[in-house]
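Below is one structure, written out as structure tokens; the observations come after it.
The values are calculated or read from the model by the stated rules, or taken from the named source; none is laboratory data. Because the structure is a prediction, the values reported are computed rather than measured. We place every Cβ from the backbone using ideal geometry, glycine too, and count neighbours over all the protein chains shown.
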Amino acid sequence: MGSTAESTGRVAMQRSADDPGPMSPIPHRVVGRKVETGDVTTLSLVPVAGEAWRFLPGQFNMLTAYGVGEAAISVCSSRREVGPFRHTVRDVGPVTAALCRSTVGDIVGVRGPFGTSWGVDDSLLATGDVVVVAGGIGLAPLRGAIDDLVHRTDAAGGRVFVVSGAREPAQVIFADDLEAWRRDGAEIAVTVDMAPTGWRGHVGLVTSMLSEIDFDPSTSSALICGPEIMMRLTARALVDRGIDPGRIRVSLERNMQCGLGWCGHCQLGPFLLCRDGPVLPYAGAVAQLLSERER
Amino acid sequence: MMRPVAELVASHPLFAGLPEGTTAEIAACARNVAFLPGELVLAEGQPADTLFLVRRGRVAIEIHAPDRGSIVVETVGPGGAVGWSWMFPPYRWQFDARALGPVGAVAIDATCLRAKADADDALGRLLVTRVAGVLLQRLQATRIRLLDLYGTDRAR
Amino acid sequence: MRIGSAVTIDAEGLDALIATLASRGYETKGPVVRDGAILPGPVGGINDLPVGVRDVQSPGRYRLEHGEGDAVFSWAVGPGSWKAEFFPPSQELWTSTLEGDVVTSEAPVADVAPLAIVGARPCELAALAVLDRVLLDGAVTDPHYAARRVDAFIVAAECGSPASTCFCTSMGTGPATESDFDLALTELDDDDGHRFVVRVGTDRGAEILEYVPGSETTPRDMAARQAVLASATKAIDRRLETEGLAELLARNLDHPSWDDIAERCLSCGNCTLVCPTCFCSDVSDTTDLAGEVRRQRTWASCFDLDHSYIHGGPVRSSVSSRYRQWLTHKLSTWWDQFDSSGCVGCGRCIAWCPVGIDLTVEAAAIRASDGALRSSPASGRDGR
């Protein structure tokens, strides 16, 4: 891989046969494929040659469907998993459709990982409770972070609350993971917008669930990922509950075409989201940007 | 050991932060209730005579359709409240509310509460403000749900 | 010769300079007249340069005038910037073939001769420095941009003939230059004859100059150079007030000016194409019938609806928001992203805008009514 999560220095300009440069995808083989819901598929990828790469939960890769194009997809693996790198893809266009269609044995190109992470290793989250709020496929970029938090061994770490919203029970992704995290001590609440007959769980918006979970706002942090409307409402609700905006992190989305800060498409005001994001603290500029139109 | 009902009223988010005298006034209309799993808390079309403060468990707001059975439109958990139709004529429940599991609640008699509100303008205003605050949150959340934010067909 | 020293050469000297660069293996390029404009092109000698050509520019207008005289740098800037030499409008990033499950990829590094530019304006050098911050100086260096940029030999041409659209004096990028060149020319054409003061910026510049006939610049010639630059500075009357400009725009995102500009703006993207610092690009794949995949990078414009596309639709669907994105990026958020201005004051976007929108005028309009708000439904209609 051209760069690892830890690399900060300039990548060597002279390229060797081993380093095809930052814009060239590294061929990976699809070794696993799971249809999560009707239009969401998880691909498990391993490099065809060379070593596994490192990543931090929250970072994304540019995945190439050869001959179709490239799309930004979060790495959804957890760092405890020693194995293929998972990418959960929602079919929303030609590239993601081609990725979702790929089958075991197929070759998919990978560039990355790019961008900022949820920062589960940094001091902010080391103490106090962590409230994780996901909307729809927004749970995918959070998967690795939740797994890290649930299994952190630091005695100072507080409890982990996960509130995950979905359109309907059939659209709930990672049900097995949610159950496993619950067994391992996390408090899990899944809520849906529309309940079919027989659904015994929560019905309502994720924000409605926040008043029911018992976290300590003065020491809590929050991670939010979902549609932008959901993120700003959730962030505001958490600030109203008393969480410091600087301790809330959101994962933002704009058009990503290079992952390297060169193509200009992912600008959001002062940020190049592939470089400065996708994960940013919900404080100051971000809170303001989320309330502005057409930025 | 059951806590006194006045304490339960005072500690519920709907009435949080009110002077003890005020919550005592409200608690004078209140009693402790429990529902078994599947039991109706209130039923569509029946006289709306109670405000339920949910303490434990979860209540589903439902409506019945002949071809679909009971459709849950929202669930209300601990700290939430169920039943608003007692505030406005014709004082009739619009939805069913059903206990999803064992539910513990405080039931406040609406006739009693309305009488107290009529007799005490300050209490009346306070009730309307608190209730309207919750209704506003519910309305806003419902509007957001109408957007179908996680819908799958937005891009097609 | 040492860095900072100067020699005076004549037209033959400039010819010799170009020839020397070519003999060292450089591909020599400079301003040439093509398609009614002055554009970058191959130059083998002084006669390939725009001899006796002037440009006349104003908002929405650019014309060449062919006159008498030997001067080769008596114009300001043309529509083509040197950006395209290092960051071409279309570039192949790699090709791959997929046979069975074996992917064979090639990422061609530009295997071309090093480039020598003869006659880059100071504002152009400033623009390249801006691009360098984006494509060279980030966490990862763009190898395609770096391939020719890093070793490019730069012969600057200080500006004695600014256009009415120029405002480099506001941006601190001209008409003189003190850095980012190997050699810097200042053209003199007076009673003492047609000649160039050549200042040395680098050791390799000095080395090349060893092979060029000339004489140590006299104080009289140095004074003449100063006079040319002073005269150019005086001629530039367009102003962009930069004091607090980034903050001004950042706090005026709801200013009525954006809608006013949108009434005129065609969203054609000309300004982004002629801008020497605009770097946005699209990345796209094509496949041929034999199964070879090509990934290309092509210039993109923030005036294009697709520029801000995320699944579901474009984020910036109104012209108003797209112009706002462009201008606030150039003059405000560029500072946040790259710690510099994104504008060098070359004025191309003014001349090449088909409707003559002038960013200096628009920025001034916002400054003149700082804090004004576009009418929103909340404030009601004003009864017009």
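Can you say whether residue A:46 is aliphatic (A, V, I, L, M), in a strand (DSSP E or B) and free of Cβ contacts under 8 Å to residues at least 40 places away in the same chain, as far as the supplied structure shows?
For residue A:46, the condition - aliphatic (A, V, I, L, M), in a strand (DSSP E or B) and free of Cβ contacts under 8 Å to residues at least 40 places away in the same chain - is met.
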* Asked: Out of the residues in segment A:38-77 that are more than 14 Å from chain C (Cβ to nearest Cβ) and of a type in the set (A, V, I, L, M), which is farthest from residue A:177 (Cα to Cα)?
  -> A:52
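Restricted to segment C:214-227, and to residues that are outside any helix (DSSP H, G or I) and not β-branched (Val, Ile, Thr), which residue is nearest to residue C:19 (Cα to Cα)? Walk me through how you get there before you give the answer.
Here is the first cut: in segment C:214-227, the ones outside any helix (DSSP H, G or I) are C:214-218.
After this cut, where a residue has to be not β-branched (Val, Ile, Thr) as well, the list is C:214-216.
Values: C:214: 15, C:215: 18, C:216: 21 Å.
The qualifying residue nearest to residue C:19 (Cα to Cα) is C:214.
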* Asked: Within segment A:225-295, which helices (runs of 4 or more DSSP H) (wholly inside it) include 1 or more residues that are over 28 Å from residue B:138 (Cα atoms) and under 16 Å from the mean Cα position of the chain (by Cα)?
  -> A:273-276
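Taking the condition under 15 Å from residue A:140 (Cβ atoms), under 21 Å from the mean Cα position of the chain (by Cα) and not in a loop (DSSP other than H, G, I, E, B), does residue A:95 pass? Walk me through how you get there before you give the answer.
Details: under 15 Å from residue A:140 (Cβ atoms): no; under 21 Å from the mean Cα position of the chain (by Cα): yes; not in a loop (DSSP other than H, G, I, E, B): yes.
In short, no.
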* Structure fact -> Filtering segment C:140-160 down to residues that are without any contact (Cβ under 8 Å) to a residue 60 or more places away in the chain and over 16 Å from residue C:88 (Cα atoms) yields C:140, C:141, C:151, C:154, C:156
* Picking from A:88, A:116, which residue would you name as being part of a strand (DSSP E or B) and of a type in the set (Ser, Thr, Tyr)? -> A:88
* Scanning for something of a type in the set (Asp, Glu) and either on the phi > 0 side of the Ramachandran plot or within 20 Å of the chain's Cα centre (by Cα) (or both), does segment C:106-124 turn up at least one residue? -> yes
* For residues that are assigned to a loop (DSSP other than H, G, I, E, B) and more than 14 Å from chain B (Cβ to nearest Cβ), scanning just segment A:206-224, find the one that is nearest to residue A:240 (Cα to Cα). => A:217
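Got a sec? Which of B:71, B:61 is within 11 Å of chain A (Cβ to nearest Cβ), under 18 Å from residue A:209 (Cβ atoms) and not charged (D, E, K, R)?
B:61
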* Restricting attention to segment A:240-272, which residues are more than 10 Å from chain C (Cβ to nearest Cβ), surrounded by fewer than 24 Cβ atoms within 10 Å (Cβ to Cβ) and either hydrophobic (A, V, I, L, M, F, W, C) or in contact with a helix residue (DSSP H, G or I) (Cβ under 7 Å, 6 or more places away or on another chain) (or both)? -> A:241, A:245, A:247, A:252
* Structure fact -> residue C:329 passes all but one of the listed conditions (1) surrounded by 15 or more Cβ atoms within 10 Å (Cβ to Cβ); (2) free of Cβ contacts under 8 Å to residues at least 40 places away in the same chain; (3) not in a helix (DSSP H, G or I); the exception is number (3)
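Would you confirm whether or not segment A:5-18 contains a residue that is touching a Leu at 6+ places or on another chain (Cβ under 7 Å), surrounded by fewer than 22 Cβ atoms within 10 Å (Cβ to Cβ) and either within 9 Å of chain C (Cβ to nearest Cβ) or at pLDDT below 90 (or both)? It would help to see each step written out before you state the result.
Kept after step one, since they are touching a Leu at 6+ places or on another chain (Cβ under 7 Å), are these residues of segment A:5-18: A:5.
If we keep only those that are surrounded by fewer than 22 Cβ atoms within 10 Å (Cβ to Cβ) as well, we get A:5.
Next, only the ones that are either within 9 Å of chain C (Cβ to nearest Cβ) or at pLDDT below 90 (or both) stay: A:5.
Scanning segment A:5-18, I find at least one residue that is touching a Leu at 6+ places or on another chain (Cβ under 7 Å), surrounded by fewer than 22 Cβ atoms within 10 Å (Cβ to Cβ) and either within 9 Å of chain C (Cβ to nearest Cβ) or at pLDDT below 90 (or both), so the answer is yes.
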* If you check residue C:110 against the conditions, is it farther than 26 Å from residue C:228 by Cβ, at pLDDT below 95 and not β-branched (Val, Ile, Thr)? -> yes
* Structure fact -> Filter segment B:112-154 for residues that are within 10 Å of chain A (Cβ to nearest Cβ) and assigned to a loop (DSSP other than H, G, I, E, B); the one that is modelled with the lowest pLDDT is B:154
* Total residues in segment A:22-37, condition at the interface with another protein chain (Cβ under 8 Å from one of its Cβ atoms) and among the basic types (Lys, Arg) -> 1
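Looking only at residues that are of a type in the set (Val, Ile, Thr) and crowded, with 19+ Cβ neighbours inside 10 Å in segment C:142-189, which one is nearest to the chain's Cα centre (by Cα)?
Of the residues in segment C:142-189, the ones of a type in the set (Val, Ile, Thr) are C:150, C:154-155, C:165, C:169, C:173, C:177, C:186.
If we keep only those that are crowded, with 19+ Cβ neighbours inside 10 Å too, we end up with C:154-155, C:165, C:169, C:173, C:177, C:186.
Values: C:154: 14, C:155: 15, C:165: 14, C:169: 15, C:173: 11, C:177: 15, C:186: 19 Å.
In this case the residue turns out to be C:173.
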* Structure fact -> Going through segment C:96-122 in order, the residues found to be surrounded by fewer than 17 Cβ atoms within 10 Å (Cβ to Cβ) and either within 17 Å of residue C:288 (Cα to Cα) or touching a Phe, Trp or Tyr at 6+ places or on another chain (Cβ under 9 Å) (or both) are C:97, C:99, C:100, C:104, C:106, C:108, C:113, C:114
* To do: Report, ordered by the first and then the second residue, all pairs with beta carbons closer than 8 Å, sequence separation of six or more or different chains, a first member in segment C:202-217 that is outside the structural domain of residue C:12 (by TED's automatic domain parsing), and a second member that is surrounded by fewer than 20 Cβ atoms within 10 Å (Cβ to Cβ) and in a loop (DSSP other than H, G, I, E, B).
  => none
* Residues (more than 11 Å from chain A (Cβ to nearest Cβ) and assigned to a helix (DSSP H, G or I)) located in segment C:270-304 -> C:270, C:271, C:273, C:274
* Asked: Counting just the residues of segment B:108-146 that are over 24 Å from residue B:57 (Cα atoms) and in contact with a Cys (Cβ under 6 Å, 6 or more places away or on another chain), which one comes out surrounded by the most Cβ atoms within 10 Å (Cβ to Cβ)?
  -> B:113
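Looking at B:81, B:99, B:105 in this structure, which one is under 11 Å from the mean Cα position of the chain (by Cα), within 14 Å of chain A (Cβ to nearest Cβ), surrounded by 13 or more Cβ atoms within 10 Å (Cβ to Cβ) and in contact (Cβ under 8 Å) with a residue 60 or more places away in the chain? Break it down stepwise before answering.
Details: B:99 fails: under 11 Å from the mean Cα position of the chain (by Cα); B:105 fails: within 14 Å of chain A (Cβ to nearest Cβ).
Only one candidate qualifies: B:81.
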* Pick from segment C:231-249 the residues that are among the small types (Gly, Ala, Ser) and surrounded by fewer than 19 Cβ atoms within 10 Å (Cβ to Cβ): which of them is farthest from residue C:362 (Cα to Cα)? -> C:231
